[in-house]
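Remarks on the structure that follows.
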Amino acid sequence: MDRFNRVLWAMIGLVLAVVGAVGVAAGRGHLPGVDPRGALLPRWLLTRWHSWGWWAWAALAVAGLILAWSGWRLLRAELRPGGRRSLPADLVLEAGDDRETAGKVSLNSPALADATASALERHAAVEHAFVRLLGDARHPELRARIDMAGDTDLRVVGEHLGRTVEQLTATSGLRPDPVEVTVRPGGDTGSRVH
Amino acid sequence: MRAFNRIATLVLSLVLIAGGLFIAVQAVLAALRHAPWLLPLRRWHAALTSTPLGDRLAVILMGAVGLLGLALLIAELRPWRPSRLPVHPATADAGSEWWVLRRPAERLLADAAARIPGVNSARVRLRGRHRWKVDVLAEARDEDRTEIAEAIDGELDRLAAPAPVRVRLRLRSPRRVA
C-alpha cells in the first residue's frame, strides 16, 4: 500500500502544482488568450452548461456517485493489510474423498490465526506475535509480525516458524503460501543508543 | 512520510465518499429546481462569476495551491529509506519472505557497538533495498575499530542479513571529560 499511496500523492501534488502555476499565470496575464479581467467561472462555460439542460445535472450526479464509490474502494483497500482480503471468518474446507476427510469441515479463521500467534509466542525467542490469514481456502496466505527477544538469532525464529506453519497445515489442512514475516528485532524493550 | 500518506489517504477517501454523495444530492436537487441543501451555493456561484482571474486574493490562493502541490511532489519523489530490510534466515522455508524493521535493527546494531568498553556512543544508519548498507558512527578510539567491526558483524549474522553487507565504520575521538 505504501507504493500506491506514494504514487497517489505524487500525482495529487503534480496536479495541484500545475493548477496553481496555470492559475497564477492566468491571473497575472501571462497566459496567451486568457484575459485576467475575465471571471473565475467564465460566461461561455455557464452558457454551455445551461445548453445541456437536464443532462448536465444527471452527468454531475453520476460523477458524484463515481467519486463516492472511488472513495469507498480507496477506504476498503487502505484498511486491508497489504490490500488483501482476510480469510472468511467461517471457513468451509472442501470435503475429501476418503472416509476420514469426508463431510463438511468449517473453521473459524480468526481463531486459527490467534492460535498460530499463541503457538509462536510459546518460544522464548518470540516476545509477541501477530498473525493474519489472508486470501481464500484454496490459496491462503500468512502474514506474521514478530517481536523478537534481544540477543536472539533469527535462524532460531525461522526454524520455530517453520514448525508452527507445519502444525497449522496438519491441524487445518491449510497450506499458506506465501508466508511473509516481519520481525522487530530487540522486541518492545530494545534500548536506544544514539 | 509513510504515516502521513496513510492518514492523508484515509482522509481523502472519506472526503471523496462525503463529497461525492453531496454532489449527487445537490445535482438531483438542482435538476428538480429545488434550493441548494446545506451550503450557500448560489452565493458562491455569484462570487465565482463576478471575481476576475486577476483578483489579488485569487492569485495568492492559486500560488499557495501551487506551492503546496510542489512541496508534496518533492516530498513524495525524494528517495526514502526503506521501512524494512530483507533477511534470509537459513532455517526458514525457502518459499517464505522475511523482513526486519529498519529502526529497531539500527538500534540493535548501535547497542552492540556501544556495549564495547571504551565506546562512548554509537549511531547506525541502514540503507539498501536488496543488499544492506550499514553506516556506523561511533565515539571511540582507533584501537577499538576491530572490536566494533566484529560486534557489528556478529549482530548482522544474528539478524541473518543477506551477504555481502557493506559496512562503513567511522570513528570520532572521544571527548575528554573536564
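The values are calculated or read from the model by the stated rules, or taken from the named source; none is laboratory data. This is a predicted model, so every value here is computed, not measured. Cβ coordinates were reconstructed from backbone atoms using ideal geometry, including for glycine residues, and neighbour counts include every protein chain displayed.
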Of all residues in region B:57-109 being at the interface with chain A (Cβ under 7 Å from one of its Cβ atoms) and loosely packed, with under 14 Cβ neighbours inside 10 Å, which is nearest to the chain's Cα centre (by Cα)? B:77
Tell me which of these residue B:28 doesn't satisfy, since it passes every other one: (1) assigned to a helix (DSSP H, G or I); (2) surrounded by 18 or more Cβ atoms within 10 Å (Cβ to Cβ); (3) β-branched (Val, Ile, Thr). (2)
Residue hits (region A:4-14; of a type in the set (A, V, I, L, M) and at the interface with chain B (Cβ under 7 Å from one of its Cβ atoms)) are A:8, A:10, A:12, A:14
Cβ-Cβ distance below 7 Å, separation of 6 or more or different chains: which pairs start in region B:1-30 with a residue that is within 7 Å of chain A (Cβ to nearest Cβ) and end on one that is of a type in the set (Ser, Thr, Tyr) and assigned to a helix (DSSP H, G or I)? B:16/A:70
Which residues, counting only those in region A:130-187, are acidic (Asp, Glu) and within 18 Å of residue B:102 (Cβ to Cβ)? A:147, A:180
Can you tell me which residues in region A:77-91 are at pLDDT 75 or above and within 18 Å of residue B:10 (Cβ to Cβ)? A:77, A:78, A:79, A:80
Inspect all residues belonging to region A:45-57 and state whether any of them is at negative phi, among the basic types (Lys, Arg) and either loosely packed, with under 13 Cβ neighbours inside 10 Å or in the same structural domain as residue A:178 (by TED's automatic domain parsing) (or both). yes
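Where in region A:102-192 are the strands (runs of 3 or more DSSP E), entirely inside, with at least 3 residues that are closer than 24 Å to residue B:86 by Cβ? Step through it out loud before you land on a result.
Working: elements: A:105-108, A:126-135, A:140-148, A:179-185.
Passing ranges, in order: A:126-135, A:140-148, A:179-185.
Which ones in region B:146-168 are on the phi < 0 side of the Ramachandran plot and either small (Gly, Ala, Ser) or exposed (fewer than 14 other Cβ atoms within 10 Å of the Cβ) (or both)? Let's see the steps before the verdict.
Here is the first cut: in region B:146-168, the ones on the phi < 0 side of the Ramachandran plot are B:146-159, B:161-168.
Answer for region B:146-168, where residues must be on the phi < 0 side of the Ramachandran plot and either small (Gly, Ala, Ser) or exposed (fewer than 14 other Cβ atoms within 10 Å of the Cβ) (or both): B:146, B:149, B:150, B:151, B:154, B:161, B:163, B:164, B:166, B:168.
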In the list A:123, A:194, which residue meets the criterion of being touching a helix residue (DSSP H, G or I) at 6+ places or on another chain (Cβ under 9 Å) and at pLDDT 85 or above? A:123
Pull out all pairs, ordered by first then second residue, where Cβ-Cβ is under 8 Å, the residues are six or more apart or on different chains, the first lies in region A:154-174 and is more than 10 Å from chain B (Cβ to nearest Cβ) and surrounded by 15 or more Cβ atoms within 10 Å (Cβ to Cβ), and the second is part of a helix (DSSP H, G or I) and modelled with pLDDT under 90. A:168/A:112; A:172/A:112; A:174/A:112; A:174/A:168
Residue B:64: among the aliphatic types (A, V, I, L, M) and under 30 Å from residue A:58 (Cα atoms), yes or no? no
What pairs come out if I take residues in region B:119-148 that are outside the structural domain of residue B:162 (by TED's automatic domain parsing) and pair them with residues that are surrounded by fewer than 16 Cβ atoms within 10 Å (Cβ to Cβ) and assigned to a loop (DSSP other than H, G, I, E, B) whose C-beta lies under 6 Å away, six or more apart or interchain? none
